[in-house]
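Visitor: Before anything else, here's the structure in question.
The values are calculated or read from the model by the stated rules, or taken from the named source; none is laboratory data. Treat the numbers as computed from the prediction; the structure is a model and nothing was measured. So basically every Cβ, Gly included, is an ideal-geometry build from the backbone, and we count neighbours across all protein chains shown. Each accessible area value is taken on the protein alone, full model and side chains, heavy atoms only, with ligands, DNA and RNA left out. Shrake-Rupley method; radii C 1.70, N 1.55, O 1.52, S 1.80 Å.
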Amino acid sequence: MNALKAPVRSLSRRLRIRTRLGLAFGLMLGLLLALAALSVYRLSALSDALNHIVDDQAVIRDSVNEINRNAEAVARKLLVLMSPDAELRLAASPEISSANNRLDDAMQRLALVLPPGPRSERLAEVRQRLADYRASYVDVRKLIEHDDFHAARSRLGGDVESALSLFVGAIHQLASSEERAGTAQARVLRDRIDADRTGVLALCIAALLAGALLAVGVTRSIVKPLKRAEDGAELIAQGQYGHRIEVDSADELGHMASAMNTMAAAVGEREAELRRLADVDLLTGLPQRARFIADGDRLLASLPPDERLAVLICIDVDRLKAVNAVLGFDAGDALLRGAATKLRVLFEGAAAYGRLAGGTFAALAPVLRLDHGIALATQLREEVEHKLSWQGQSLDLSVSLGVAHWPEHAADTEALLRRAEQAMFEAKRLRQAVAVFNPGAEAVRALHLSLLSDLATAIQQDQLCQFLQPKRDLRTGRITGAEALVRWQHPQRGWLPPGDFIPFAERSGRIRQITDWMLARAVRTLATWAAEGREPLSIAVNISTLDLQDQTLPARLASLLAEYHVDPSRLQLEVTETGLMASGNDPIAVLRALKSWGVKLAIDDFGTGQSSLAYLQHLPVDELKIDRSFVQDVDRDPRRQALLKSIVGVGHGLGLTVTVEGVENTAELACTTACGCDLMQGFLLARPMDLPDFETWLGRAS
């Protein structure tokens, strides 16, 4: 059996699935057709046999009935022969002859129907009884012809009647015998039908079993390879690209398994290549950030116990964006490749190094003492910074470096890298070549981040407060207005001065929300004063560099003034000279839009920026505010007095009101008055106050 299974299995694996299915369905259909043909053949044979039995029984029954009728007819006519009337006798003779002829015909039909054997022997007995009857009848005729009626009657009542009765009895026995024979034939036929039914049922069961076995075999030949392919596909999907699906057939499933194996090999090779490319920077060939961190962790773990010190240096190429913008990205790529080459030459085999992103590189090197980190960073800067010739132009490559110490500043490469990056950003901010990570600065930065998160809540929950510092007219001595300053009453930290949150609010962009809050508070204060009938005063609000770039500020401010019915001339906006120069977009358009609504404009901290007089004359401003640095000790330095007088002269020459800030003593007040200043503010007059204190102070000052 096993020897037979092996060739069948081998043949099945070589056949295609559609061929196997076609053969299976063809075989099943052939079995069904053969079974149907056999059933039809057997049913036809049984039907013919049944028809034959029915026909024979009908012929026998009709013949027997015919014989009985004719025998009765002959018996009746024999009585007529005994009549003395000659004419009646003559008429009865032909009828008797006709009846005898019919008896002969019926006997012939019986002879044709009955087969040889016992049944034919009974027919011979019937014939013999008929012959005896005929002989007796002939004798009676002869006696009647000789007019021996007495003897004829005696013979008719004796021999003829007895012969006729025996003939009729033989006929009845034949009929009974044939009825039994027909019943026996029917029983045999019924047994044959039962046997055929059992045979057909057995053949149907055999065909079903054969079909089921064939279906199971074909199904297994398809399902088992599919299951192997499914399991293999799951393993491949899990990343086991080395797994191969067993191929044991040349059919469609075998081709599919081979294709999946080919796909797994290709995907594995491609993923390996992608992993390799993901770890390596394509431009410089240096490890990227993730691989650098992994290499750094391995380096730190491999250091001997007595040499467990290292420094991580973060290097960023300066002015890379400018080079890309002016000379193109090819020039910037050349700068980066040059820096990568220097880095590789310096640290190959001695440290972990890589390119983090853009123009930022990093190197992690073991040192004997932490103070060697600065020396190593200086050496790295000297090696990396160089002149590069690009298409006839000379490019100076300069870098900023940040240094972090291990394990002092962080315990692993990733955290150490963040510290070194922060030091590098600090070096850029301070325009230093090298900066070492300062944990104190990190604490300040964390504080700023915490305050930045709290600032949004402070604006929503009205934790900010408006403080006012008055301004006095030096000629009349009258209070003309006040500068609005913001203070923050933090729920945990208490009162925070502007210097603790305004700078990082400007860097983060939240200064716009503070400006909107200050403008709304100043406009509401002006509206309240007007409603109370107070003497008209102005309020000045500082706006930032970001506000100067906001094209929607004039419209928002106009809507606010209209809502509270405030005279626009009572509101003054102050912008620093440094902010004007630092604005990326030209601020003149925004300033003119504000001016068109009737708002007063002032330049704050004048003299600390780098604006030219030519630029100043184009600004639509009303007031010039001189910074405290020009007022301090002005009474003791004639040159400061001369400089202050010159600035005041420039302001008056441009038609501007000149305000001096930061006046703290009477000597400074006398000098600023002598120099021609129009307005003053400072601690000598009053410190910034909240609104209730300011209104109280204003009442006393009046």
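Visitor: Over the stretch 187-309, average the accessible area per residue using a 1.4 Å probe and give it in Å², no decimals.
Guide: 62 Å²
Visitor: On to the next question. Across 5 Å bins from 0, what is the distribution of all Cα-Cα pair distances for the stretch 306-399, in whole percents?
Guide: P(r) for the stretch 306-399, in whole percents per bin: 3, 13, 25, 22, 15, 10, 6, 3, 1, 1, 0.
Visitor: If you place +1 on the Cβ of every Lys and Arg and -1 on the Cβ of every Asp and Glu, how big does the dipole about the Cα centre of the stretch 279-350 come out, in debye to the nearest 20?
Guide: Numbers: 9 positive and 11 negative charges, 28 e Å.
Using Cβ point charges on Lys, Arg, Asp and Glu, the stretch 279-350 gives about 140 debye.
Visitor: Order 176-189, 305-318, 158-171 from most to least packed using the mean count of other Cβ atoms within 10 Å.
Guide: Going by the mean number of other Cβ atoms within 10 Å, highest first, we get 305-318, 158-171, 176-189.
Visitor: Let me ask something else about it. For the peptides 559-565, 666-672, what is the packing order when you average, over each peptide's residues, the other Cβ atoms within 10 Å and list the highest mean first?
Guide: 666-672, 559-565
Visitor: Starting from the Cα-Cα distance between THR219 and ASP462, subtract it from 0.36 nm times their residue separation and give me the gain in nm to one decimal. Spell out each step's value before the answer.
Guide: Values: separation 243, 0.36 × 243 = 87.48 nm, distance 7.68 nm.
Taking 0.36 nm per residue and subtracting the Cα distance, the gain is 79.8 nm.
Visitor: Here's a follow-up. Positive end of the dipole of the chain, charges at C-beta (+1 Lys, Arg; -1 Asp, Glu), about the Cα centre: which of VAL188, GLY358, VAL59 has its Cα farthest in that direction?
Guide: Comparing the listed Cα positions along the dipole, VAL59 ranks first.
Visitor: Under the Karplus relation 6.51 cos²θ - 1.76 cosθ + 1.60, θ = phi - 60°, what is the ordered set of whole-Hz ³J(HN,Hα) values for the stretch 665-671, x standing for Gly and Pro?
Guide: Residue by residue, the stretch 665-671 yields 8, 5, 5, 5, 5, 5, 5 Hz.
Visitor: Step through the residues of the stretch 630-645 one at a time and calculate ³J(HN,Hα) from phi using the Karplus curve (6.51 cos²θ - 1.76 cosθ + 1.60, θ = phi - 60°), rounding each to whole Hz and writing x for Gly and Pro.
Guide: With the stated coefficients, the stretch 630-645 comes to 8, 9, 4, 6, 5, 6, 10, 9, x, 5, 5, 4, 5, 5, 5, 5 Hz.
Visitor: Using 0.36 nm per residue of separation minus the Cα-Cα distance, give me the extension gain between ARG431 and LEU684 in nm, one decimal.
Guide: 87.3 nm
Visitor: For the stretch 266-363, what size does the Cα cloud have along each of its three principal axes, sorted from largest down, in whole Å?
Guide: Projected onto its principal axes, the Cα set of the stretch 266-363 covers 50, 41, 18 Å.
Visitor: Applying the Karplus parametrisation 6.51 cos²θ - 1.76 cosθ + 1.60 with θ = phi - 60° to the phi angles of the stretch 456-469, what ³J(HN,Hα) value in whole Hz is obtained for each residue in order, glycine and proline being reported as x?
Guide: 4, 5, 4, 5, 5, 9, 6, 7, 6, 9, 8, 10, 10, 10
Visitor: Multiply the residue separation of HIS565 and ARG197 by 0.36 nm, subtract the distance between their alpha-carbon atoms, and state the gained length in nm to one decimal.
Guide: Roughly 121.3 nm would be gained on extension.
Visitor: With r as the distance between the Cβ atoms of ASP333 and SER596 and R0 = 51 Å, compute the FRET efficiency 1/(1 + (r/R0)^6) and round to 0.05.
Guide: 0.55
Visitor: Could you grab the relative contact order for the chain? Cα pairs under 8 Å, six or more apart, rounded to a whole percent.
Guide: Answer for the chain is 7 percent.
Visitor: Assuming R0 = 30 Å, can you tell me the calculated FRET efficiency for the pair LEU283 and ALA589, based on Cβ-Cβ distance, to the nearest 0.05?
Guide: Numbers: r = 41 Å, r/R0 = 1.37.
With a Förster radius of 30 Å, E is 0.15.
Visitor: With a point put 7 Å past each Cα toward its Cβ, work out how far GLU125 is from ARG700 in nm, to one decimal.
Guide: In this crude spin-label approximation the distance works out to 16.5 nm.
Visitor: Right, here's the next one. Taking a 1.4 Å probe, which of LYS142, LYS428, LYS625 shows the most accessible area, and what order do the others take after it? Don't skip to the end; give the middle numbers.
Guide: Values: LYS142 110, LYS428 70, LYS625 0 Å².
From most exposed to least exposed: LYS142, LYS428, LYS625.
Visitor: Moving to a separate point now. Summing +1 for each Lys or Arg and -1 for each Asp or Glu, what net charge is found among the other residues whose Cβ lies under 15 Å from the Cβ of ARG308?
Guide: -3
Visitor: Given the -39500 (n - 2.57) contribution per DSSP H run of 4+ residues, what per-residue ellipticity at 222 nm results for the chain, rounded to the nearest 500 deg cm²/dmol?
Guide: Counting only the DSSP helices, I get -21500 deg cm²/dmol.
Visitor: Moving on to the next point. With the full set of protein chains in place, find how many percent of the accessible area of the chain is carbon and sulfur; take the probe as 1.4 Å. If you can, show how the numbers build up before the last one.
Guide: Working: 20940 of 37050 Å².
Carbon and sulfur together cover 57 percent of it.
Visitor: Using only the alpha-carbon atoms of the stretch 630-689 as identical scatterers, what base-10 log of I(q)/I(0) does the Debye formula give at q = 0.15 Å⁻¹?
Guide: -0.40
Visitor: With each pseudo-label sitting 7 Å past Cα toward Cβ, what's the SER646-THR262 distance in nm, one decimal?
Guide: 8.6 nm
Visitor: Next question, about the same structure. How much accessible surface area, in Å² rounded to 10, belongs to the heavy atoms of HIS409 with a 1.4 Å probe?
Guide: Accessible surface of HIS409 is approximately 20 Å².
Visitor: Just one of (i) 40.4; (ii) 76.2; (iii) 36.3 is mean projected area of the Cα convex hull in nm² as worked out from the coordinates here. Which one is it?
Guide: Structure-derived value, by its label: (ii).
Visitor: Kindly report, to the nearest 10 Å², the accessible surface of ILE459 as traced by a 1.4 Å probe over protein heavy atoms only.
Guide: Roll a 1.4 Å probe over it and ILE459 shows about 40 Å².
Visitor: Could you tell me the center-to-center distance, by alpha carbons, between the stretch 329-391 and the stretch 535-574 in angstrom?
Guide: If you average the Cα positions of each part, the centres end up 51 Å apart.
Visitor: For the stretch 102-244, what is the charge dipole size about the Cα centre, in debye to the nearest 20, if Lys and Arg each add +1 at the Cβ and Asp and Glu each add -1 at the Cβ?
Guide: 800 debye
Visitor: Could you give the size of the charge dipole of the chain about its Cα centre, using +1 on the Cβ of each K and R and -1 on the Cβ of each D and E, expressed in debye and rounded to the nearest 20?
Guide: It works out to roughly 1140 debye.
Visitor: I'd like the accessible area for GLU348: 1.4 Å probe, protein heavy atoms, all chains in place, Å² to the nearest 10.
Guide: 120 Å²
Visitor: Can you grab the distance from the C-alpha centre of the stretch 22-46 to the C-alpha centre of the stretch 94-108, Å, no decimals?
Guide: Comparing the Cα centres of the stretch 22-46 and the stretch 94-108, I get a distance of 53 Å.
Visitor: Taking 7 Å along the Cα-to-C-beta vector as the label spot, tell me the VAL40-GLN240 distance in nanometres, rounded to one decimal.
Guide: The answer from the label model is 5.7 nm.
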